[in-house]
1. Once you wrap a convex hull around the alpha carbon atoms of region 307-466, what is its projected area averaged over all directions, in nm²?
2. Name the residues whose placed amide hydrogens come within less than 5 Å of the amide hydrogen of LEU675, ignoring near sequence neighbours (fewer than 5 apart) on the same chain.
3. Could you size up the charge dipole of region 676-756 around its Cα centre, putting +1 on the beta carbon of Lys and Arg and -1 on that of Asp and Glu, and report it in debye to the nearest 20?
4. Based on alpha-carbon positions alone, could you give the equivalent ellipsoid semi-axes of region 680-726 from the gyration tensor, as √(5λ), descending, whole Å?
5. Determine the relative contact order of region 551-672: mean sequence separation of Cα pairs under 8 Å and six or more apart, normalised by residue count, in whole percent.
6. Accessible area of the chain with a 1.4 Å probe: how many percent of it is carbon plus sulfur?
7. To the nearest 20 debye, what charge dipole does the chain have about its Cα centre, counting +1 at the Cβ of each Lys and Arg and -1 at the Cβ of each Asp and Glu?
8. Quickly rank 436-442, 283-289 as a protection proxy: mean count of other C-beta atoms within 10 Å, highest first.
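The values are calculated or read from the model by the stated rules, or taken from the named source; none is laboratory data. Note that this is a predicted model, so its numbers are computed, not measured. Please note: Cβ atoms are built from the backbone with ideal geometry, for glycine as well, and neighbour counts cover all protein chains shown. Only protein heavy atoms, including side chains, enter the accessible area calculation; ligands, DNA and RNA are left aside. Shrake-Rupley method; radii C 1.70, N 1.55, O 1.52, S 1.80 Å.
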Amino acid sequence: VRGGLLEQIPVGDGANFWASSGRTMPEVMRRCLLLAGSLLILCVPEAGAVDRSKFRTCQQGSFCRRYKTWIARPERAKPVWSVLPETRSSLSDGGFSFKVKHANEAEPHLMLKLNTYASGMVRVRLNEIDPLHTRHEIPAGDVVTDPPPATAQASIEDVPLRSIFTFKTSAGAEVKAALQHSPLALEVSVDGHVLQRLNARNLLNFERYRKSKERLPPDASSAAAADANAVLLDAAAHPHNLDVEGLWEEPFGGHTDQKPRGPASLGMDVTFEGDVPSLFGLPEHATKASLPFYEEPYRFFNLDVFEYEIDEPMALYGAVPLIWAIHRLPGAKSVASGFLWINPSETFVKLERDAAVTGPAHAWWTSESGVLDAVVLVGPGPPQVSRQFHDLTGTAPMPGLWALGKHQCRWNYMTDKDVAAVDSSYDKYDIPYDTVWLDIEHTDGKAYFSWNSASFPEPKKMIDSISAKRRMFVNVVDPHIKKEDKFHVYKEVKEKGLFVKKVTYKQMDDPSDAKPADWVETAKISDPEATQPEAWNAEEDGAWIAPQIDNPAYKGVWKPRKIQDPTPELTDFEGWCWPGTSLYPDFTDPKMREYWGSQFALDKYTGTNADTYIWNDMNEPSVFNGPEVTMPRDAVHGYGNVEHRDVHNMYGYYVHRASFEGLQKRVPGDRPFVLTRSFFIGSHKYSAIWTGDNYAQWSHLKASIAMVGALTLGGQSLVGADIGGFFKHPDTEMTVRWYQLAVLMYPFLRNHAHLETPRREPYVFDEATMLRIKASLQLRYKMLPLWYTIFHDYTTTGAPVVRPLFWDFLGDLGTHDHEEAVESQLMLGEGGVGYGVG
């Protein structure tokens, strides 16, 4: 790292761990770092085996494809949506609202809300006024705290074409949020320096709901009546090579997504001003820490991705759509800011630069549905950005000290004797550990909250024996519920009507489509030109009747147009997961979360005790036979009659929140522990997170540094990766190196392995390897007081427990973009940093 920022401390095996020379380091840290082993990273790309055909790209998703066409339209600079400054009104939450009018509509149909928060945030929301269908908004308190953060007392200056909101942050920075009226745009500056511009490139899109199969929304401008196809309205209605595929139904991978409400996507661009050397964040993606500017946009759509690849913008298990930007300003000053996009539907983010390698950076965002809700975190330092994020979303609880120790897991320990052998072997070799885990095989046929009585005949006795050593136990409890009447959870959730619903859509006649008065249904008429033959004898031939001819005015039998029945048939959605046929609770419903949490009570979850904690896996949710291995977007959550597309990225969040809150009630005053694979903004309040099903490969080992760092920048500090990789089997060198990295860089320290891999508990290796692993774990336990202290700082100030170097040393340019500093190192608190070399 340039500039003499760090002092190298040599350690064993030729590797380097580093310690800060610019601050006072606790003596325990200095000694611990001297004990650390090495980390060898081989930067050789290794191919994964992800089946890309299962997962769609931006071009394969209709709303993202539409958006790309929309932002490439001719005359893009022309105003489309404009703020009406005369409509400004004060809101009860301390913010302001403005009506927003489209250039080709007679009346304003959107409402903009702008809030300024004292810690240093500017929040912008955009929603429909009186929509045809209610657009989903995340309930208060689920992501943004309720009540929201303290409001900044902003002064307002109305100048030509702009309304300028000026306020001081609680840290003393002066913020100006200049709302441009036409086209709608927002410029945010801090202490006189412009940091972010929203809609600076006029890429805003907001698709209002339409009636079934209609091109334009209701009450669009009467000017559109002459030729609706010529009207430029939004990405779903314009005259420039409009792509109409996927507006009302969309096939992919053998499934067809029904869209009775039609297109509803939204999007916007953000420009990070100044000389921006790097952007960070956007968890969860298996990319470098300094986010690459891929041709394919980053995707947020929580999925069960089998054998994920490295250096890809593909979606993984969780979503925190937060970008950190470093801005190098004139005068050798550097500042940081953040941009948060709060939307739980499928989202794509495209990073772009102008022709120059340096200078501003751009991002455009587009989401399938919901409302536009974006927050600028003004910093101007990294500690302020982190504090602002936690001021907005809430602080994390303090974990138990044991949760920071060693966790031993695999798929699966098959019997109670197996568990006892693992526990006693750790004792035999005097290797420290705190927690033993059980995966899905401990259950009765994958029915969670149950036990396999043949393999675990006395689970309470087994767990009590672990507790007697002051150790903890973690059971997996996944959210897919086995369809079996003997299983009480299935029966009770079904009786309560709390499963997610499958919709069987039916067509019906549109009652508003009346037959026109001039509609002619008579197919044949008498030939008006025919005359009675002269030889016709009425007495002998009967009355003469003119021959019938086709009626030229005939329009056919009147049939009103067909529309979706507004009351379609709803049945419980069924999919396949580990138990076979499974049903999925609607965790968006507080009643379901209350019921789920109650099942952890000691008198209900038999075989457990107060030292038993919970692992929520497969909660994206994973549906083996579903589109993209997940739940269909057109499934319906009965709570609020919300389509799954609107809440998909929050499903896992609601699962682990329900588990956490249940454990809170189980033992009042306890510090619950829940591990989740799927997550969203705010998951830090309820769970630990791991990076999913990684590989025993050097590339995955190195990638874990960036992935852990991105998660902690996203507010999630109790995080880690499976030590040694989940898939395949590491050799002894890789195993040792991975442990040596993990004890200093993974706040959550667990090794886990696939069912088909050899056993890899520390004591199964040869003695030399076992002793090196043991030394690493002993180092971790010597450092636990330090880890615990750093976690206290995190829970009170939001400072990430481990973090990229720029967070502490923003003034050193090397921490912005130097390959080694950015991709191979993480700070541990403010006192030390792990550095992997190879």
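1. Value for region 307-466: 15.9 nm².
2. Counting only residues 5 or more places away or on other chains, the set is ILE614, TRP615, ASN616, ALA688.
3. On the way: 6 positive and 5 negative charges, 52 e Å.
I would put it at about 260 debye.
4. In descending order, the three semi-axes are 21, 11, 7 Å.
5. The normalised contact order for region 551-672 reaches 29 percent.
6. C and S fraction of accessible area: 52 percent.
7. On the way: 86 positive and 108 negative charges, 548 e Å.
That gives the chain a dipole magnitude of about 2640 debye.
8. Details: 436-442: 22.4, 283-289: 24.6.
Packing order, densest peptide first, comes out as 283-289, 436-442.
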